[in-house]
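Notes for the one structure printed next.
The values are calculated or read from the model by the stated rules, or taken from the named source; none is laboratory data. Please read these numbers as outputs of a predicted model, since none were measured by experiment. Virtual Cβ from ideal backbone geometry, glycine too; neighbours counted across all protein chains shown.
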Amino acid sequence: MNTSLQNKNISIKVGKYLKTEPKKISTEIILGDCLKILKDLEKNSIDLIITSPPYSDQRTSTYGGIKVNEYVEWFLPISAELLRVLKPTGTFILNIKEKVSDGERSIYVLELILAMRKQGWLWTEEFIWHKKNCYPGKWPNRFRDSWERLLQFNKDKKFNMYQENVMVPTGDWAKTRLKNLSETDKIRDNSKVGSGFGKNISNWIGRDMSYPSNVLHLATESGNKKHSAAFPKELPRWFIKLFTKDGDIVLDPFLGSGTTSVVSKEMDRNSIGIEILKDYYKIAQENVEKIQNKLPL
């Protein structure tokens with residue numbers, strides 16, 4: 001099967017599910033178990049995978065709540081298929097968070113990272129989603145979490161990354177800091193602690209935009225109250241901007257209410273979303289149809 005454009009008259013087909021044509025965006029939403037569905041997708045066909053699977057011992061009433069000591073074993077067959085379908089230039093973003101039980105934070109996420117590295121994944125980066133409007137809270141031995149992990153995995157050290165697409169305003173600090181430069185500021189001033197890092201402050205003159213950090217300050221509201229754990233649209237939007245271009249293919253194997261598919265559609269990316277629960281599958285379909293018809297979610 002062809003997974004790249006040869007000319008304007010040839011379509012892309014990713015397994016038996018997604019068929020894309022030049023200048024036409026396809027959005028495929030599939031009802032079923034992602035482990036089974038993924039086996040029907042073409043090898044090396046996906047540009048970006050972004051998903052938030054059920055966390056251990058959570059969403060018991062909907063997804064069953066995978067036990068901590070069973071989570072790695074449960075997820076590895078799925079990540080093996082994700083490794084197969086991802087392009088060598090592609091990226092996998094995994095939104096996941098360990099829980100606290102009996103006063104101690106679980107280590108199943110760390111165990112999963114180690115197991116995926118043995119599976120062949122490169123753990124390239126870790127982003128932090130700072131939930132800037134998280135509800136306050138307190139327990140006897142800790143405070144409420146206001147962040148979640150976004151783990152970046154790749155197949156190869158050389159992958160597509162469009163950093164300019166996520167640049168942010170440089171900030172007011174530059175107005176005063178760059179006004180009167182010392183001679184040291186105009187050269188690569190090596191760190192005094194011997195770390196090998198250095199900076200040339202004069203390089204910032206005239207620059208209105210700069211690269212962001214790996215901490216994403218986003219609100220928690222998803223705008224979708226029909227799913228118990230829907231992430232906000234800005235979360236997949238940021239990674240889609242960073243790791244894909246128009247016409248690329250985005251996959252979410254745990255689609256939920258369809259946020260990744262909706263954002264992909266809005267951003268002119270082809271997408272495949274897989275959801276095992278029929279109720280959420282229907283909601284995802286409805287949300288994508290609203291985008292197609294230009295209706296509010």
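Here are the numbers:
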| quantity | calculated |
| --- | --- |
| Residue within the stretch 240-262 that is buried (at least 17 other Cβ atoms within 10 Å of the Cβ), modelled with pLDDT under 90 and more than 20 Å from Leu38 (Cα to Cα) present | no |
| Top-ranked residue in the stretch 213-227 [being in a strand (DSSP E or B) and of a type in the set (A, V, I, L, M); ranked as modelled with the lowest pLDDT] | Leu218 |
| Qualifying residue in the stretch 161-174 (condition: more than 29 Å from Ser79 (Cα to Cα), within 23 Å of the chain's Cα centre (by Cα) and part of a loop (DSSP other than H, G, I, E, B)) | yes |
| Every pair of residues 6+ apart whose Cβ atoms lie under 9 Å, when the first sits in the stretch 243-255 and is among the small types (Gly, Ala, Ser) while the second is surrounded by fewer than 24 Cβ atoms within 10 Å (Cβ to Cβ) and assigned to a strand (DSSP E or B) | Gly247/Ile12; Gly247/Thr20 |
